[in-house]
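Every read-out reported here was derived from the displayed coordinates using simple, explicitly stated rules and does not represent laboratory data. None of the values given here were measured: they were computed from a predicted structure. Every residue, glycine among them, receives a Cβ derived from its backbone with ideal geometry; neighbour counts consider all protein chains shown.
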Amino acid sequence: MLIDFHTHTTASDGALSPEQLVDRARSRGIQLFAITDHDTVAGYRAAAAYYSPSEGEMSLLAGLEFSCVWSGATIHVVGLGVDCTHPVLEQGVARLAAARIDRGNVIAERLEKLGFPGALEGALLAAGDSQLGRPHFAAWMVEQGHVADVGTAFDRYLGRGKPGDVKAFWPTLAEVTGWIVAAGGVAVLAHPLKYKLTRSKLHRLVADFKDAGGEAVEVVNGRQTPEQTRQLCRLALECALEVSLGSDFHRDGPWTAELGVELRHLGSLRGVWERWLPAIRSPGDPL
Ligand code: AMP
Ligand code: ZN
Ligand code: FE
Ligand code: FE
C-alpha cells in the first residue's frame with residue numbers, strides 16, 4: 001500500500017498544481033495522501049475543492065509544512081489533519097505569509113549588494129500566487145542568466161550559510177508546533193537528518209519538539225539510504241515518537257522521489273497513519 005504525507009504543489013514551490021498532484025497521486029494508486037505546502041493550506045484547499053473521494057478511493061488529508069527556527073537552525077514541522085479554518089492556524093499562516101515577504105526584501109537587498117538588482121520583483125513574478133521562497137529567487141537568477149541552474153543558485157547564493165539564507169523572520173519551533181496542535185493536527189518533525197545537527201543536538205531538538213506537543217518524526221523523506229531510515233527509526237524509538245513517511249515531492253527529476261511511499265511493518269513503532277487507516281497493522285516487510 002502506498003501513502004504519502006509530505007508533498008508540494010504550486011501553492012508553494014512545487015511544479016504541479018493541486019489538481020495535477022491529486023490526479024498523479026490517484027494514478028499512482030496512493031490510498032492516503034496529504035498535501036503539505038510550505039506555510040500555506042492553499043494547496044490542500046484547492047485539492048479538496050477539486051476532489052471528493054467516494055468510498056474506497058484515495059483519502060486526502062489537510063496539511064502544511066511550517067518553517068521555524070530553533071537554536072539558530074531553520075527547522076520544518078509538518079502538520080497533518082489540521083482544521084484549516086481554525087483561527088490559530090489562520091493567524092499563524094498569515095504571519096508566515098508576511099514573514100516571507102519581509103524576508104524576501106532582505107534576500108533581495110543582499111543579492112543587490114552582490115550585483116543582482118531587481119530580485120524581489122523577479123522572484124515575486126516567479127512566485128505568482130505561491131508563497132514566496134528561495135526557489136523563486138533561484139528561478140529568477142536562472143532566467144536572468146546570472147547562474148546556469150537552480151542548484152548553482154543555491155550553492156553560491158541561497159543555500160545554507162550563503163547570503164540569501166535568511167532565517168531571522170521565522171517563528172519558533174514551539175510556536176508553530178503549538179499552532180498545529182491547537183488546530184487539531186498532528187505535528188511531525190520533517191527530515192531530521194537534513195539539519196546536519198550533532199546527535200546530542202538532534203536529541204535536544206526532538207525533546208523540545210515533544211515538549212511543544214510534537215508527536216512524530218519523519219523516518220522516510222524522499223530518496224534516502226536504508227541506513228538513514230534505520231537511524232531515524234532508532235531516533236523515534238529512543239524518543240518514543242510516532243513515525244511518518246513522505247516523498248517530499250516537488251517535481252519530476254533524476255534526483256527526486258516519485259510520489260508515494262510503500263507502507264511497511266515498523267515493529268514496535270507506531271505510524272501516524274494509524275489514525276486515518278486504523279485497519280492496517282502488519283503491512284509487508286520491515287523497514
Ligand atoms: P525557503 O522555504 O524559502 O527557505 O526555501 C526552501 C526550499 O528551497 C526547500 O523546500 C527546497 O525546495 C528548496 N531548496 C533548498 N535547498 C536547495 C538546494 N540546495 N537546491 C535546490 N533547492 C533547494
Ligand atoms: Zn519546498
Ligand atoms: Fe522541508
Ligand atoms: Fe517539503
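The table for this structure:
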| quantity | calculated |
| --- | --- |
| Folded to 0 to 90 degrees: helix 134-143 orientation relative to the chain principal axis, Cα | 50 degrees |
| Amide H partners (placed H, <5 Å) of LEU64, local residues excluded | GLY79 |
| Backbone HN-Hα couplings from phi across segment 67-80 [Karplus 6.51/-1.76/1.60, Hz, Gly and Pro as x] | 8, 7, 10, 9, 6, x, 10, 7, 10, 10, 10, 8, x, 10 |
| Zone of GLU57's modelled label, taken as backbone nitrogen in segment 1-26 under 15 Å from a point 7 Å along Cα→Cβ | 19-26 |
| Two-decimal Rg/Rh across segment 157-287, once Rg and the Kirkwood Rh are taken from alpha-carbon atoms | 0.97 |
| Peptides 23-30, 198-205, 136-143 ordered by average Cβ neighbours within 10 Å, highest first | 136-143, 23-30, 198-205 |
| Principal axes of segment 1-129: Cα extent on each, largest first, Å | 56, 27, 24 |
| Cβ-based net charge around GLY122, under 12 Å, with every Lys or Arg adding one and every Asp or Glu removing one | -3 |
| Total formal charge among the other residues, if their Cβ is under 15 angstrom from that of GLY29, Lys/Arg +1 and Asp/Glu -1 | -2 |
| Most positive-pole-ward Cα, PRO87, LEU205, PRO117, against dipole of the chain from beta carbon charges | LEU205 |
| Proximal lysine pairs, the chain, alpha carbons under 17 Å, eight or more residues apart or interchain | 6 |
| Segment 37-48 - phi-based ³J(HN,Hα) in whole Hz, Karplus 6.51/-1.76/1.60, Gly and Pro as x | 5, 4, 6, 8, 9, 4, x, 4, 4, 5, 5, 5 |
| Alpha carbon Rg of the chain, scaled by the compact-globule rule 2.2 N^0.38 Å | 0.98 |
| Solution diffusion estimate, µm²/s, Stokes-Einstein, segment 63-149, Kirkwood Rh from C-alpha pairs, 10 °C, viscosity 1.306 mPa s | 110 µm²/s |
| Note, ³J(HN,Hα) from phi for segment 16-26, Karplus 6.51, -1.76, 1.60, rounded to Hz, x at Gly and Pro | 9, 5, x, 5, 5, 5, 4, 4, 4, 4, 5 |
| Once the Cα gyration tensor of segment 162-215 is diagonalised, semi-axes √(5λ) in Å | 21, 16, 9 |
| Fewest-first sequence of LYS162, LYS113 by Cβ atoms within 10 Å of each Cβ | LYS113, LYS162 |
| Length-normalised contact order for segment 161-227 - Cα pairs under 8 Å, 6+ apart - percent | 41 percent |
| Electrostatic dipole magnitude of segment 136-188 [Cβ: Lys, Arg +1; Asp, Glu -1; Cα centre; debye, to 20] | 140 debye |
| Nonlocal amide H pairs with SER247, under 5 Å, H built at 1.01 Å | PHE5, HIS6, GLY222, GLY260 |
| Antiparallel DSSP beta bridges within the chain, as percent of all bridges there, nearest 5 | 45 percent |
| Amide H contacts under 5 Å for GLY271, placed H, 5+ residues apart | VAL243 |
| 222 nm mean residue ellipticity, helices alone, for the chain (DSSP H n ≥ 4; -39,500 (n - 2.57); rounded to 500) | -11500 deg cm²/dmol |
| Degrees, to the nearest 10: 173-182 long Cα axis against longest axis of the chain | 50 degrees |
| Cα→Cβ-extended label distance, 7 Å offset, between GLU121 and THR152, nm | 2.5 nm |
